[in-house]
Amino acid sequence: LSHNAECGPAPAVASDAELMKAVRYRCYGPADVLEYAEVEKPRPADNEVLVRIKAAAVNPLDWPYMRGSPYFMRLGSGLGAPEDPRIGVDFAGTVEAVGASVTRFTPGDDVFGGRNGAFAEYVVLAEDRALAHKPANITFEQAAAVPIAAVTALQALRDKGSLESGQKVLINGASGGVGTFAVQIAKARGAEVTGVCSTRNIDMVRSIGADNVVDYKNANYTEGTERYDLIVDMVGNHPLLANRRVMKPDGTLVLVGGPKGNWIAPLKNPLKAMMLAPFVDEEFVMLLAQLRQDDLVVLGEMMESGRVVPVIDQIFPLSEVADAIRYSEAGRARGKIVVSL
């Protein structure tokens with residue numbers, strides 16, 4: 001599982017193929033393995049939509065695939081080297097062409113969604129997959145920031161956390177990509193929101209709707225007196241039992257992120273949660289978010305109404321995706337890192 005094969009040669013491209021710029025990787029490793037190259041432009045099948053990408057976004061999901069770590073991921077992505085050289089998921093752009101059976105989208109529609117290979121000038125995907133119309137009041141860069149992070153936040157709060165109006169929710173990691181959406185979505189659902197972040201991000205987290213902010217550099221929320229109906233944890237930096245101390249008796253802890261590591265470190269908290277669950281009243285659950293078209297539609301409506309506004313930290317050109325991912329790996333981004341085309 002841990003073996004890294006050498007980078008092989010780039011596949012040959014037919015002389016008559018229509019080309020596009022894209023980022024690809026042919027071996028596992030740091031961001032140096034990413035290549036900005038010309039590859040064949042995709043063509044839509046009968047049920048597919050071809051989107052000219054205007055913006056894409058970096059997610060913490062990108063660099064584990066790039067590095068092939070934790071190693072168990074390679075059972076799906078490829079042993080020794082990636083089976084699929086494409087990278088990037090979140091995108092926003094304009095429909096350029098549609099297949100003969102497509103009815104939901106037409107050329108010229110502005111859309112946003114998620115599909116492997118988003119760090120490119122074009123992407124194709126089936127019309128019933130993770131694709132929705134972009135609200136007119138947000139930019140392509142803002143729309144590209146949404147899919148994985150906002151869907152994760154929505155499913156953590158609504159589906160796993162069953163958040164209701166008037167409840168108290170704590171967001172650990174409130175200044176990150178998922179966290180900035182979680183604060184806004186929780187507030188839109190009528191919750192009292194406490195965000196946990198560093199000192200430099202306090203004002204930003206308050207500005208997006210947090211009622212209370214805990215500066216983790218000066219305070220430990222698990223040692224406080226407040227009790228929460230729901231904790232959404234993107235960081236995993238406190239033991240489960242420490243979180244339990246500040247949960248209401250019927251409260252829920254949703255684990256979204258966790259410790260880094262090549263082997264079992266990322267699985268420690270989920271495994272502990274499974275072992276602890278039968279012995280406590282509180283609920284401990286792990287979220288593996290799924291990109292769904294209906295959730296993108298919901299988020300589009302929330303953005304159109306102004307209840308959710310994507311927070312963007314930095315914007316990189318497509319040719320500098322490697323630098324964007326390095327910045328993401330550093331763990332200092334406020335909101336989302338976006339790639340503009």
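The values are calculated or read from the model by the stated rules, or taken from the named source; none is laboratory data. Note that the structure is predicted; figures quoted are calculated from it, not measured. Using ideal geometry, Cβ is built from the backbone for each residue, glycine included, and neighbour counts are taken over all protein chains shown. Quick note on the areas: whole protein, heavy atoms, side chains included, nothing else; ligands and nucleic acids left out. Shrake-Rupley method; radii C 1.70, N 1.55, O 1.52, S 1.80 Å.
For the stretch 115-155, residues that are part of a strand (DSSP E or B) and open to solvent by less than 10 Å² (accessible area, probe 1.4 Å) total 5.
Any chance the stretch 157-165 includes a residue that's among the polar types (S, T, N, Q), surrounded by 20 or more Cβ atoms within 10 Å (Cβ to Cβ) and either in a loop (DSSP other than H, G, I, E, B) or out of contact with any Lys or Arg (no Cβ under 8 Å at 6 or more places or on another chain) (or both)? Within the stretch 157-165, none of the residues are among the polar types (S, T, N, Q), surrounded by 20 or more Cβ atoms within 10 Å (Cβ to Cβ) and either in a loop (DSSP other than H, G, I, E, B) or out of contact with any Lys or Arg (no Cβ under 8 Å at 6 or more places or on another chain) (or both). Selection within the stretch 9-66: residues that are out of contact with any strand residue (DSSP E or B) (no Cβ under 9 Å at 6 or more places or on another chain) and of a type in the set (Phe, Trp, Tyr). The member of this set that is least open to solvent (accessible area, probe 1.4 Å) is TYR28. Quick check, is VAL111 at pLDDT 95 or above, of a type in the set (A, V, I, L, M, F, W, C) and open to solvent by less than 30 Å² (accessible area, probe 1.4 Å)? When the stated conditions are applied, VAL111 passes them.
Pairs linking a residue in the stretch 5-21 that is more than 12 Å from GLU35 (Cα to Cα) to a residue that is hydrophobic (A, V, I, L, M, F, W, C) and open to solvent by 70 Å² or more (accessible area, probe 1.4 Å), with Cβ atoms under 7 Å and 6 or more positions apart or on different chains, are VAL13/LEU19.
When each of SER69, SER2 is tested for being open to solvent by less than 30 Å² (accessible area, probe 1.4 Å) and not in a helix (DSSP H, G or I), the lone residue that passes is SER69. State all residues of the stretch 246-299 that are modelled with pLDDT of 95 or more and touching a Ser or Thr at 6+ places or on another chain (Cβ under 6 Å); if no residue qualifies, say none. VAL246, the sole residue that qualifies. For first residues located in the stretch 43-71 and free of Cβ contacts under 8 Å to residues at least 40 places away in the same chain, partners that are β-branched (Val, Ile, Thr) and open to solvent by less than 10 Å² (accessible area, probe 1.4 Å) and lie 6+ apart or on another chain with Cβ distances below 7 Å form the pairs TYR65/ILE87.
Looking across the stretch 285-315, the residues that are farther than 16 Å from ILE138 by Cα and in contact (Cβ under 8 Å) with a residue 40 or more places away in the chain come down to VAL285, LEU287, ALA289, GLN290, LEU291, ARG292, GLN293, ASP295.
Taking the criterion of being of a type in the set (Val, Ile, Thr), part of a loop (DSSP other than H, G, I, E, B), in contact with a Gly (Cβ under 7 Å, 6 or more places away or on another chain) and closer than 27 Å to ALA14 by Cα, would at least one residue in the stretch 49-60 satisfy it? No, there is no match, as no residue in the stretch 49-60 is of a type in the set (Val, Ile, Thr), part of a loop (DSSP other than H, G, I, E, B), in contact with a Gly (Cβ under 7 Å, 6 or more places away or on another chain) and closer than 27 Å to ALA14 by Cα.
Being of a type in the set (A, V, I, L, M, F, W, C), under 29 Å from VAL298 (Cβ atoms), assigned to a helix (DSSP H, G or I) and out of contact with any Cys (no Cβ under 6 Å at 6 or more places or on another chain) is the requirement here; does VAL183 meet it? Yes, satisfied. Filtered by the rule that a residue be charged (D, E, K, R), in a loop (DSSP other than H, G, I, E, B) and closer than 11 Å to TYR28 by Cα, the stretch 72-101 gives a lone residue, GLU83. Within the stretch 191-236, the set of residues being assigned to a loop (DSSP other than H, G, I, E, B), of a type in the set (A, V, I, L, M) and either surrounded by 17 or more Cβ atoms within 10 Å (Cβ to Cβ) or in contact (Cβ under 8 Å) with a residue 60 or more places away in the chain (or both) comprises ALA191, ILE208, ALA210, MET234, VAL235.
How many residues, within the stretch 238-259, are more than 22 Å from the chain's Cα centre (by Cα), of a type in the set (A, V, I, L, M) and over 11 Å from LYS272 (Cβ atoms)? Here the count works out to 3.
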